[in-house]
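A quick write-up on the structure given underneath.
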Amino acid sequence: MFKRAAINVILERLQEKRHFIQVLTGPRQCGKTTIAKQVMDAVKIPSRYASADEPMLKDRTWIEQQWETSRFTLGKNSQTSLLVLDEIHKIPQWSEAVKHLWDEDTRKGNKLHVILLGSSPLLVQKGLTESLAGRFEIINITHWSYEEMQKAFGWNVDEYIYYGGYPGSAKLINNPIRWANYIKDSLIETTISKDILLMTRIDKPMLLRRVFELGCLYSGQILSYQKMLGQLQDAGNTVTIAHYLRLLESAGLVAGLSKYAGQKVRQRGSSPKFQAMNTALMTAQQGISFSEAKENSEFWGHLVESSVGATILNKIKGKGIELFYWAGNNREVDFVICKGKTVIAVEVKSGRKKVSLPGIELFSEEFKVKKKLLVGPGGIPIKEFLTVPIETFFN
């Protein structure tokens, strides 16, 4: 079983044998459906799986039909039944329907355990907060880690840095053109067109796409909003760009890290540091082969730093930990990891020549730093850092 931690959380709830809703949300190809089916195989109770991603048009009546089918199994001497609804966000007003049915079961004492899956975290979260407050538990499913890809496919750390964490693409890496097309067509285009453009009002779709492309091209680099506007043909304003970056992060594509300043207002107003959330998003669009990438120290350095950043960003999801960067006086701290008032500064040494000099010492003079980490040659090996839980560094 992969994503074992998520599976264990679900199984623990099922063992309580009570009425509950669990929501698995995360980007495409991160294993949400596989997790749900592994849970169904592991439990010894009546289980039902249904997906709203099937070609037939779905509405809230479909939810009611699936729910009633699971209720029927409860009437056959089963204490608990499991219902899994996949791609739930594609059904209009899904959260209102789920709330109504869940409240009915609560009144009747039905112990129906429901798992909802959604690949558009922003829309799933909106439905939850509007209709299902106090009735659910979110489980964040992230891109596959190096450890998971290594165990499943035998990858070494360089392969993970280049090919990223999409398990569905692993069998295609020996055919670079098919691999790149799979990433671009089945993941990037599908996520943008189906999970963002069709589900959210976007006034400037081409601008959204260009922000995504910039985010991948400049991953690991700080780019002011004004410089971004100069790079964009369909220029909007800085508020629009910042909004699109938040949508792209919600979809698991590209994030814009804020500068750490110890004050939330100043953080939000800073120039973002682009961070691809899976390095495959960078390499599939660059047209640079695995061997060429390793020979290009500048490009490989960006990949290494982006792989470290993506790993941190994915591992801290739902754990009350935040990720920033810091820059000042031509000095830079690649990553600043914060949990409450505890601050950890991270410098990534990848071999590439950086524009800004390491700034951990200068940063430490301004802020109280618990730990100063060097990742790469002379410090924690990249391979080791990618496999260690981030929480370990706060001990």
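Read the figures in this text as sums done on the coordinates, not as results from a lab. If you're wondering where the values come from, they're calculated on a predicted model, not measured in any experiment. Cβ placement follows ideal geometry from the backbone for every residue including glycine, while neighbour counts extend to all protein chains displayed.
Legend: Rg and Dmax of region 146-394, from Cα coordinates, 17.6, 50 Å. For a quick check, take a GNM of the chain with Cα springs below 10 Å and name the residue from PRO167, PRO358, PRO377 with the largest mean-square fluctuation. Result: PRO377 has the largest fluctuation of those listed. By a straight-distance test (C-alpha under 18 Å), which aspartates and glutamates pair with LYS368 as possible cross-link partners, with residues fewer than eight away in the same chain excluded? The qualifying aspartates and glutamates are GLU322, GLU332, ASP334, GLU347.
As a calculated quantity, the FRET efficiency between ARG246 and ASN181 at R0 = 30 Å, using C-beta atoms, amounts to about 0.60.
Residue exposure proxy: LEU197, LEU313, ordered by other Cβ atoms within 10 angstrom of their Cβ from fewest to most, comes out as LEU197, LEU313. Our summary gives the chain a relative contact order of 14 percent, counting only alpha carbon pairs under 8 angstrom and 6 or more residues apart. Take every DSSP beta bridge whose two residues both sit in the chain; close to 35 percent of them are antiparallel. Taking a Cβ cut-off of under 12 Å around PHE290, the surrounding Lys, Arg, Asp and Glu residues balance to a net charge of -3, with basic ones at +1 and acidic ones at -1. Stretching GLU104 away from LEU217 to a fully extended chain increases their span by 35.7 nm, per 0.36 nm per residue minus the current alpha-carbon distance. Using a cut-off of 21 Å between Cα atoms, the listed pairs LYS3/LYS372; LYS315/LYS372; LYS184/LYS319 include LYS3/LYS372; LYS184/LYS319 as exceeding that distance. Between region 321-395 and region 27-101, the C-alpha centres lie 42 angstrom from each other. Pairs spanning more than 22 Å between alpha-carbon atoms, out of LYS317/LYS339; LYS273/LYS317; LYS339/LYS371; LYS341/LYS371: none are present.
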